[in-house]
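The values are calculated or read from the model by the stated rules, or taken from the named source; none is laboratory data. Quick caveat: nothing in here was measured; it's all calculated off a predicted structure. Glycine also receives a Cβ, built like all others from the backbone with ideal geometry; neighbour counts cover every protein chain displayed.
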Amino acid sequence: MKIGIRVWILIIVLSLSLLAISPWKTFKEGALIKSVEINSSAFDQGLRQGQIITSIDGKAVRSFEDFSKLISDKNYSSENLKTIVSTDQGEFILFSDKPPEITVSDIPSSNIKTGLDLSGGSRALVKAQDKELTSSEVSDLIDIVSNRLNVYGIADVQISSISDLEGNNFMMVEIAGATTTDLKDMLSSQGKFEAKIGNQTVFIGGEKDIASVSRGGQEAYVECPSSFSGFCDFKFSITLSPEAAQKHADITRNIPINASNPEYLSQSLDLYVDDNLQTTLLIGKDLQGRVTTQVSISGSEKGDTKDEAYKAAQNEMKKLQTILITGSLPYKIEIVKMDTISPSLGESFTKNIIYLGLIVFFIISIILFVKYRKIKITLSVILTMFSEAFITLGIAALISWNLDAPSIAGIIAGMGTGINDQIVIIDESISNKQISLKERIKKALFIIVGAFFTIVVAMLPLFWVGAGMLKGFALTTIIGVSAGILITRPAFAEIIRRISE
Amino acid sequence: MENVPEIIKEEKKKLFKNFNYDKSYKILFFIPFVILLISLIYLGVFYSKNGDIIYKDVSLSGGTSITLNGEIDQSQIEISLKEKFPDVSFTRLEDITTGKQIALMIESSASPDELKAGVEDVIGYHLNEEDFSIEFTGASLSNDFYRQLILALIISFVLMSIVIFVMFKTFIPSTAVIFAIFADIAIPLALIDIMGIKISAAGIAAFLMLVGYSVDTDILLTSRALKSREEPLNTRIFKAFKTGSFMTITALAAVLPAFFIVTGLPDSFRQIFLILAIGLFADLINTWLTNAGIIKWYCKRKGIQ
């Protein structure tokens, strides 16, 4: 049988979809690093999110299970142990008394990503309390929150800006997979910067205490020593408000000079970010009891190369500057939606959806066969239905769309309309032999195109409804019916023409 | 025994011969019309009683839903939970292959912390992340959400009407299609209310989907009736009916298993399919009795044979 251009297009698009989905990833062995705790020894040694662990101490790691078994067999205790972690991006050697500070999972079996309701995880939809945020305010909020989350050491998180049909803007924070962090606490306890001497607070982040923060030029810089020793230093100055400066004077007045290091006072200025000690600054003796508005904040960061260390120092400086400038989050935020889905429930949902797909295919095959009594027709309808679902999945994988339950409902609903159209094509082509086959198929296409446009316009408003919660449903339906009308149905019409000729 | 099917076939033929569509279409037209009228009256009464045309679930009214994994006996916790949370409701999720319960969903308008604490009290142990899922929607967001979904439904309906008018360019046939789709939404809505089902956000999306699903058959009917002349009108309508009803039956076969066979699915997911299924049944009568009746009457008036 000669294959026409329309069928060729279908074959090509199906191959591209297969490429996009990449189901052969199932056969890849190893364990994927999902996140690395920032400032941990694992991070310092160069382990990064996305690397694939292939062996631990020379023993092969084929799956997540292998990894956790090898790590628990090592019995980390008070002693420093050497751990050789081989990844697809080289070998890393860790010396630590703790297991590597990373979260690991199996390598995803394909490029298809499933949404939170199917894979488990937490998400929060956040808006400002008593204030309508503009989209630029939301992106400011996102910047600050991303920054803060980094301080927290949470890497496997996605933050996005979402707006709805009525122009409300939201921030969406999503943490995939299992997480022990309570997203809620994390969002509401954000952004505390404190400078303390002993347990007295001298100043905190935000404009009340901090008049300005220098962000460039002479007053804020990163420098690496000319003979590189793994570290680069950063330094920037801040200007305190008169009240904060007065407070500094009042507190330091009563602090004696350090006997063993007489250039400095005996107590230091400790900088805390969200209650974690970030930096300790020694206070020069000439600052004792003086009202000074200029404070310089310094620190150093390390890296394997001079470039890396420079970048790390620069990032750290930026982070501190942002926190000092913004203080706590600029808006009192309110969590308007908060979902935490357990991964095991998601797993059984996924399993049931696959069963459902098989059952639907089976029932429809039987119905079609009973009606048309022709294997060829039944097979080509089923093949077309499968192609539409497959192309939809391929496009979803290509645009990294997270398939949630509504998205999958959309795929199945799209398959339903696809079958309807094919029945129209079959019935038009096998009945009413008075007019030419071409004419009959043209008529079928009129009905199909009409139905296509109505379904697309019916789905469009869903894109903007309710913070995009049903976007997936609209998206997969529209992709499905579009793939249908552009690719599979022309091919199907051609196949039917050949069968009935 | 062997000729029994033949007899049935003969009977069937007779039935179709005696069936005179030219006479009966007006009566047939009124059956769905009466059902629609009853539905609308019911929805009106429902609205005056409940202040809304549907029962809303927590995603549309605000509140918390907790899904406990595993075999949790609902009867044991129901009474004590109802004391604390009078509006609490339960849904059982089952595994498709074994029929075993995989989870129990508990819904209430309470805050997540309250409901979680309440559930922990009743079941007697502390819930950790592996044991349960929790979803919370704030009241203000769910109100916005609901209002926008209704707005989306109206926008969809208007856009869809425009497409229909552009396709057929004549007033009465286009209006007939739009009327049939309106009935496809109104009748299932009343039925869902009668069944006492709480509609979720995804459920309202299903009504939008219904628009797309039901329009195929209406377009099929209208275009077959108006755009060809090779066969008599009644034959064209009857053939369209044969194609269209088969379309609806296969569509039902695609959506029904999701409700009746595979019960261990997210509730939002199952609801989409339930609403589609009811809508497809409604579509059978609305297309082939109402819409066909109007088209028949229109063709007669215009002298289309």
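Could you pull out the residue among A:460, A:486 that is more than 17 Å from residue A:413 (Cβ to Cβ), free of Cβ contacts under 8 Å to residues at least 40 places away in the same chain, surrounded by fewer than 23 Cβ atoms within 10 Å (Cβ to Cβ) and not β-branched (Val, Ile, Thr)?
A:486
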### Task
Return the total of residues in the range A:214-233 being of a type in the set (A, V, I, L, M, F, W, C) and out of contact with any Phe, Trp or Tyr (no Cβ under 7 Å at 6 or more places or on another chain).
2
### So residue A:329, is it assigned to a loop (DSSP other than H, G, I, E, B) and either under 23 Å from residue A:175 (Cα atoms) or at pLDDT 75 or above (or both)
yes
### Task
Might you check whether a residue that is in contact (Cβ under 8 Å) with a residue 12 or more places away in the chain and within 13 Å of chain A (Cβ to nearest Cβ) occurs anywhere in the range B:186-198?
no
### Query
Looking at the range A:232-248, which of its residues are closer than 30 Å to residue A:45 by Cβ and either surrounded by fewer than 18 Cβ atoms within 10 Å (Cβ to Cβ) or among the β-branched types (Val, Ile, Thr) (or both)?
A:233, A:235
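Residues in the range B:59-72: is at least one away from chain A (no Cβ under 14 Å) and either in contact with a helix residue (DSSP H, G or I) (Cβ under 6 Å, 6 or more places away or on another chain) or of a type outside the set (Val, Ile, Thr) (or both)?
no
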### Message
Residue pairs, Cβ under 6 Å, 6 or more apart or interchain, first in the range B:225-247 and farther than 14 Å from residue B:20 by Cα, second of a type in the set (D, E, K, R). List them.
### Response
B:225/B:236; B:236/B:224; B:240/B:224; B:243/A:427
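Identify, please: which residue in the range A:434-463 is touching an Asp or Glu at 6+ places or on another chain (Cβ under 6 Å), facing another protein chain (nearest Cβ under 8 Å) and of a type outside the set (D, E, K, R) and is, among those, farthest from residue A:387 (Cα to Cα)?
A:434
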### Task
Those residues that are within 20 Å of residue B:276 (Cα to Cα) and more than 7 Å from chain A (Cβ to nearest Cβ), I need them from the range B:207-240; list them, please.
B:207, B:210, B:214, B:217, B:218
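Restricting to the range A:418-433, and then to whatever is modelled with pLDDT of 80 or more and at the interface with chain B (Cβ under 7 Å from one of its Cβ atoms), can you tell me which residue is surrounded by the fewest Cβ atoms within 10 Å (Cβ to Cβ)?
The selected residue is A:427.
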### Of residues in the range B:252-269 being part of a helix (DSSP H, G or I), touching a residue at least 12 places away in the same chain (Cβ under 8 Å) and more than 8 Å from chain A (Cβ to nearest Cβ), the one farthest from residue B:98 (Cα to Cα)
B:252
### Message
Just checking, does the range B:231-251 include any residue being not aromatic (Phe, Trp, Tyr) and not in a helix (DSSP H, G or I)?
### Response
yes
### Message
Within the range A:419-432, does at least one residue satisfy the condition of being in a strand (DSSP E or B) and either on the phi > 0 side of the Ramachandran plot or touching a helix residue (DSSP H, G or I) at 6+ places or on another chain (Cβ under 8 Å) (or both)?
### Response
no
### Query
When the residues of the range A:332-370 are filtered to those that are under 24 Å from residue A:403 (Cα atoms) and outside any helix (DSSP H, G or I), which remaining residue is farthest from the other protein chains (Cβ to nearest Cβ)?
A:335
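If you check A:229, A:214, which single one turns out to be surrounded by 17 or more Cβ atoms within 10 Å (Cβ to Cβ), hydroxyl-bearing (Ser, Thr, Tyr) and under 37 Å from the mean Cα position of the chain (by Cα)?
Just a single option satisfies the conditions, and that option is A:214.
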### Query
Which residue, of A:54, A:114, is modelled with pLDDT of 85 or more and hydroxyl-bearing (Ser, Thr, Tyr)?
A:54
### Task
Report those helices (runs of 4 or more DSSP H) wholly inside the range B:1-111 carrying at least 3 residues which are assigned by TED's automatic domain parsing to the domain that holds residue B:146, of a type outside the set (Gly, Ala, Ser) and modelled with pLDDT under 85.
B:21-50
### Query
From the set of residues in the range A:183-211 that are at pLDDT 80 or above and among the polar types (S, T, N, Q), which is surrounded by the fewest Cβ atoms within 10 Å (Cβ to Cβ)?
A:199
### Task
Please identify the pairs in which a residue from the range B:270-281 that is within 11 Å of chain A (Cβ to nearest Cβ) and more than 17 Å from residue A:417 (Cβ to Cβ) has its Cβ atom under 8 Å from the Cβ atom of a residue that is in a helix (DSSP H, G or I) and modelled with pLDDT under 90, counting only partners at least 6 apart or on another chain.
B:270/B:258; B:270/B:259; B:271/B:202; B:271/B:203; B:271/B:206
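For the structure I just gave you, tell me whether residue B:209 is more than 12 Å from residue B:283 (Cα to Cα), free of Cβ contacts under 8 Å to residues at least 24 places away in the same chain and not assigned by TED's automatic domain parsing to the domain that holds residue B:109.
Numbers: more than 12 Å from residue B:283 (Cα to Cα): yes; free of Cβ contacts under 8 Å to residues at least 24 places away in the same chain: no; not assigned by TED's automatic domain parsing to the domain that holds residue B:109: yes.
Against the criterion (more than 12 Å from residue B:283 (Cα to Cα), free of Cβ contacts under 8 Å to residues at least 24 places away in the same chain and not assigned by TED's automatic domain parsing to the domain that holds residue B:109), residue B:209 does not qualify.
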### Query
When residue A:376 is evaluated against the numbered criteria (1) closer than 30 Å to residue A:111 by Cα; (2) in contact (Cβ under 8 Å) with a residue 12 or more places away in the chain; (3) more than 11 Å from chain B (Cβ to nearest Cβ); (4) not hydroxyl-bearing (Ser, Thr, Tyr), which criterion, by number, is the only one it fails?
(1)
### Query
Among the residues of the range A:14-33, is any at pLDDT 80 or above, at positive phi, more than 22 Å from the chain's Cα centre (by Cα) and surrounded by fewer than 19 Cβ atoms within 10 Å (Cβ to Cβ)?
no
### Task
Could you please give the count of residues in the range B:120-141 that are in a helix (DSSP H, G or I) and more than 22 Å from residue B:84 (Cβ to Cβ)?
2
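In the range A:214-256, what residues are part of a strand (DSSP E or B) and at pLDDT below 85?
Our first condition is that a residue be part of a strand (DSSP E or B); within the range A:214-256, this holds for A:220-223, A:231-240.
Answer for the range A:214-256, where residues must be part of a strand (DSSP E or B) and at pLDDT below 85: just A:220.
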### Task
Go through the range B:113-162 residue by residue and tally those that are under 28 Å from the mean Cα position of the chain (by Cα), surrounded by 21 or more Cβ atoms within 10 Å (Cβ to Cβ) and facing chain A (nearest Cβ under 7 Å).
12
